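Here the structure comes first, spelled out in structure tokens, and everything after it is commentary.
Quick note: the coordinates plus some simple rules give every number you see, no bench work behind them. Since the structure is predicted, the reported quantities are computational estimates derived from the model, not experimental observations. Heads up, the Cβs are rebuilt from the backbone with ideal geometry, glycines too, and the neighbour counts pull from every protein chain shown.
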Amino acid sequence: MAKHSPLDHQETSRIAWARYRRLMRGMALVSLFAVIVALCWLRFTIGDALTIHMIIATTAGVGLSVLLGAALMGLVFLSSGSGHDEAIEDPFEDDPDMNHDR
């Protein structure tokens, strides 16, 4: 039988998701800063060869990469910090051949 996750409780879930949204808002600002830095670097290194297509591609590539990394790491922090990771069933818990002394 599956254990109940702390995220099943409304109050714990509300607090965990609020933390996640706060993290993502902060990382959206970091992403914006990374895009601005990348565009400034391109402007000063290649000069007038910077086209609108390169600006769009750089903005999408840098911005979305930073946001994707932040979203995935944020979910790891949410899962670990809320105790959701502890609610899994370990199929090897009773197996003497598996090393549980990590």
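Highest mean first, how do 71-83, 40-52 rank when packing is the count of other Cβ atoms within 10 Å averaged over residues?
Details: 71-83: 14.2, 40-52: 10.2.
Those peptides, ordered most packed to least, come out 71-83, 40-52.
Where a ≥ b ≥ c are the square roots of the eigenvalues of the C-alpha gyration tensor, would you call segment 29-82 rounded, which needs a/c under 1.5, or, failing that, prolate if a/b is larger than b/c, or oblate?
On the way: a/c = 5.19, a/b = 3.21, b/c = 1.62.
Verdict is prolate for segment 29-82.
Can you figure out the FRET efficiency of residue 88 with residue 58, using R₀ = 41 Å and their beta-carbon distance, to the nearest 0.05? Working shown, then result.
Numbers: r = 40 Å, r/R0 = 0.98.
Computed FRET efficiency for residue 88 and residue 58 comes out at 0.55.
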